[in-house]
Amino acid sequence: MTQKRTYLDHNATTPLKPAVRDLMLEILAFPGNASSVHKAGRAAKKRIEDARAAILKAVNAGPQAVLIFTASATEANNLVLKNSGAERVIVSAIEHPSVLNARTDREIIPVLPSGVIDLDALDKMLINNDRSTLISVMTVNNETGVIQPIEDVVAIAKKRGALVHTDAVQALGKIDLPKGVDYLTLSAHKIGGPQGAGCLILSNCVTVAPLLSGGNQEKNMRAGTENVAAIAGFGKAVEDVSPLPSTLRDALEKKLKAIAPDLVIYGEKEKRVSNTSMFAVPGFAAETQLIALDMADICVSNGSACSSGTVKASHVLHAMQAKDAEAALRVSFGWDSTEKDVDVFINEWEKIYNRIKSRQCPK
Ligand code: PLP
């Protein structure tokens, strides 16, 4: 009998929810082209509009909000960072690479050792600001789970005449989304929806220029035939997102601390989303732990998933000036996680811990 995989990497991607998969399979038989005027086209268009309405409702968007579907949150982030028209762009040091690397002329807001952005530093950066400015700060950090003070960012921005973008990919379905932002990014595959579907929500009558030349889909802001099945799957996934209780995360952290008294939990004292725990034991290389856990068919991460599949030190922990970054592991729970997953992880991790400890020389 094959053992069930223990998947504890939901901040990287989540398994498809069964209702999403069923709907997508039905649509994939013939998605239709939403730009066609015939019945098949109109059916495709309706699928897209239903998904758009479901997502706008789920995020409590205001009446003026406009939602643009994209092929990923990465694309949505690039769209706003590159094409909002702002002369000056300010982003936090702990953003996802799709924000951090979207332009070379961005200025960086530092973060405090707690993992929260430095609001005073942001305020100072905006003194005497006379250029049109976009500030981009994520709602929840994907590595530590630390919740950022976006409504304070909005207050500072409004005082200084700047616009605000937030990458809310890791916040959707976990906390209420912040109010007052001008641009907001979401991704389907972090909430039990499909990979390859994201969106940018524009509020307060702002716009973006398209990244791609082509047809006039998505109000002329995102050319290309819409991925009907993925968009509909996104809409379906959003219908039943509800925050996980912190029971599994808390049980995990309690058991980890009982095994390893020297365990460090990043952002522990700050407000964090209830599904994420990032921790380290000094001197325990993350790579060694990841390999041993993988051999036991347990999936966790060392921070952000790297496209190359290699393990590299986290820019988030570096920005926090955190110690032991090379030892940091991230466990993230999701809609299909159970207490048994915690027990399987702890059982295996304790063996790894004892093995590594037994090889260490006493100090
Ligand atoms: N932003 C954050 C905070 C993320 O965690 C991710 C995914 O890891 C992305 C953006 C990119 O999302 P996508 O895979 O849809 O491009």
When the residues of region 55-85 are filtered to those that are buried (at least 21 other Cβ atoms within 10 Å of the Cβ) and among the small types (Gly, Ala, Ser), which remaining residue is nearest to residue 121 (Cα to Cα)?
84
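Evaluate region 26-41: report whether one residue or more is among the aliphatic types (A, V, I, L, M), within 16 Å of the ligand (Cβ to nearest atom), closer than 22 Å to residue 239 by Cβ and buried (at least 20 other Cβ atoms within 10 Å of the Cβ).
Within region 26-41, the subset among the aliphatic types (A, V, I, L, M) is 27-29, 34, 37, 40.
Remaining after also requiring within 16 Å of the ligand (Cβ to nearest atom): none.
No: zero hits.
Going by what's in this entry, would residue 209 be described as part of a loop (DSSP other than H, G, I, E, B) and either without any contact (Cβ under 8 Å) to a residue 24 or more places away in the chain or within 16 Å of the ligand (Cβ to nearest atom) (or both)?
Numbers: part of a loop (DSSP other than H, G, I, E, B): yes; either without any contact (Cβ under 8 Å) to a residue 24 or more places away in the chain or within 16 Å of the ligand (Cβ to nearest atom) (or both): no.
When the stated conditions are applied, residue 209 does not pass them.
For (1) at pLDDT 95 or above; (2) in contact with a strand residue (DSSP E or B) (Cβ under 8 Å, 6 or more places away or on another chain); (3) among the β-branched types (Val, Ile, Thr), each residue gets a yes or a no:
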position	(1), (2), (3)
18	yes, no, no
39	yes, no, no
48	yes, yes, yes
52	yes, yes, no
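Can you tell me which residues in region 317-336 are aromatic (Phe, Trp, Tyr) and either in a helix (DSSP H, G or I) or buried (at least 20 other Cβ atoms within 10 Å of the Cβ) (or both)? Reasoning before the result, please.
Residues of region 317-336 that are aromatic (Phe, Trp, Tyr), as a first pass: 333, 335.
Passing the criteria: only 333.
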Residues of region 118-141 being within 16 Å of the ligand (Cβ to nearest atom) and outside any strand (DSSP E or B), in sequence order, are 137, 138, 139, 141
Any chance region 78-95 includes a residue that's within 24 Å of residue 238 (Cβ to Cβ) and more than 17 Å from the chain's Cα centre (by Cα)?
no
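Would you say residue 94 is within 16 Å of the ligand (Cβ to nearest atom), in contact with a Leu (Cβ under 9 Å, 6 or more places away or on another chain), part of a loop (DSSP other than H, G, I, E, B) and not hydroxyl-bearing (Ser, Thr, Tyr)?
Details: within 16 Å of the ligand (Cβ to nearest atom): yes; in contact with a Leu (Cβ under 9 Å, 6 or more places away or on another chain): yes; part of a loop (DSSP other than H, G, I, E, B): yes; not hydroxyl-bearing (Ser, Thr, Tyr): yes.
Criteria met by residue 94.
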In region 144-167, is there at least one residue being within 11 Å of the ligand (Cβ to nearest atom), in a loop (DSSP other than H, G, I, E, B) and in contact with a Leu (Cβ under 9 Å, 6 or more places away or on another chain)?
no
Members of region 173-204 found to be of a type in the set (Val, Ile, Thr) and either over 18 Å from residue 78 (Cα atoms) or more than 11 Å from the ligand (Cβ to nearest atom) (or both), listed by number:
175, 181, 191, 201
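From the list 101, 78, pick out the single residue that is within 15 Å of the ligand (Cβ to nearest atom) and free of Cβ contacts under 8 Å to residues at least 40 places away in the same chain. Spell out the reasoning first.
Details: 78 fails: free of Cβ contacts under 8 Å to residues at least 40 places away in the same chain.
From the options 101, 78, the qualifying one is 101.
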Return the only residue of 42, 52, 88 being touching an Asp or Glu at 6+ places or on another chain (Cβ under 9 Å) and of a type outside the set (A, V, I, L, M, F, W, C).
88
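The values are calculated or read from the model by the stated rules, or taken from the named source; none is laboratory data. Computed from a predicted model, the values in this text were never measured in an experiment. Neighbour counts are summed over all protein chains in view; Cβ atoms, including those assigned to glycine, are modelled from backbone coordinates with ideal geometry.
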